[in-house]
Amino acid sequence: MTETRAPAPHAAYDLYMERQRRWAAWWRRLGQLLGYVLGGCLAVVIAALFVASVHDLAQPRIWGTFTQTDCEPRPRGGCRPVGTWVSDDGDIVKRGVYLDGWTDDTGTTRASYQPTAIISDESNNIVHAPGLTGVGPWLSGALLLGWVGYMLFKAATWGDITLPSPRRWRGRRRPATRSTITAARGSLRRRYRRSLEEGTASNNGREGGSD
């Protein structure tokens, strides 16, 4: 007769926990895939802004003088300068325009205006102070590099890619110093002396045994 074994008392619980772990792993992986999709879409948007800002560098830029007439409060504190911008030749006058930057103590500053750019100042109703004129490629480029680096870091954290370890890289590229060479030579000398001592001891043992 064959003896039937009774099921383990914790078998049902272990099976339940295994299912829970599989479901948790599945949902975790789904979240990671969604993160890749959203991160990729955001990277494409930032890259498009970078390309547009680089293209806008070659577009005509009109310089003029901005005079602040008001300061629009910001939701997080502070205010945004609003005023009138007049081109140097006096042909273009923009009233109620925003300033990307700050004015001096007199409430005026030099400012640039690009109406034909992809990121058009005319549609955005804004002019730019000298310190912030032409910084679009730098800002968008730095943002793009930072975001791509963050996505690579997350992919390495999730185990999808392997990034080179700085410690291993330093170990591979570290040149041999005088101290390491001296230590290596010393270790070789110690091994040679030890082998001589062991050989001498073994010869003495043989001679003693023969006597």
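The values are calculated or read from the model by the stated rules, or taken from the named source; none is laboratory data. Predicted, not measured: the structure shown is a model, and the values here were computed from it. Neighbour counts run over all protein chains shown; Cβ positions are idealised from the backbone, glycine included.
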Just give me the residues in the stretch 56-93 being in contact with a helix residue (DSSP H, G or I) (Cβ under 7 Å, 6 or more places away or on another chain) and of a type in the set (A, V, I, L, M, F, W, C), in sequence order.
Leu57
With respect to Tyr13, determine if the residue is surrounded by 10 or more Cβ atoms within 10 Å (Cβ to Cβ) and at pLDDT 95 or above.
no
By residue number, the members of the stretch 94-107 that are β-branched (Val, Ile, Thr) and modelled with pLDDT under 95 are Thr103, Thr106
How many residues does the stretch 49-69 hold that are in a loop (DSSP other than H, G, I, E, B) and surrounded by fewer than 16 Cβ atoms within 10 Å (Cβ to Cβ)?
4
Being in contact with a Gly (Cβ under 6 Å, 6 or more places away or on another chain) and in contact (Cβ under 8 Å) with a residue 24 or more places away in the chain is the requirement here; does Asp88 meet it?
yes
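Conditions (1) under 27 Å from Gly141 (Cβ atoms); (2) surrounded by fewer than 17 Cβ atoms within 10 Å (Cβ to Cβ); (3) hydroxyl-bearing (Ser, Thr, Tyr), marked per residue:
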position	(1), (2), (3)
Ala47	yes, yes, no
Cys71	no, yes, no
Trp85	no, no, no
Asp100	yes, no, no
When restricted to Asp104, Asp91, Asp14, Asp70, the only residue under 38 Å from the mean Cα position of the chain (by Cα) and among the acidic types (Asp, Glu) is Asp104
Within the stretch 110-163, restricting attention to residues that are under 25 Å from Arg28 (Cβ atoms) and β-branched (Val, Ile, Thr), which residue is surrounded by the fewest Cβ atoms within 10 Å (Cβ to Cβ)?
Thr162
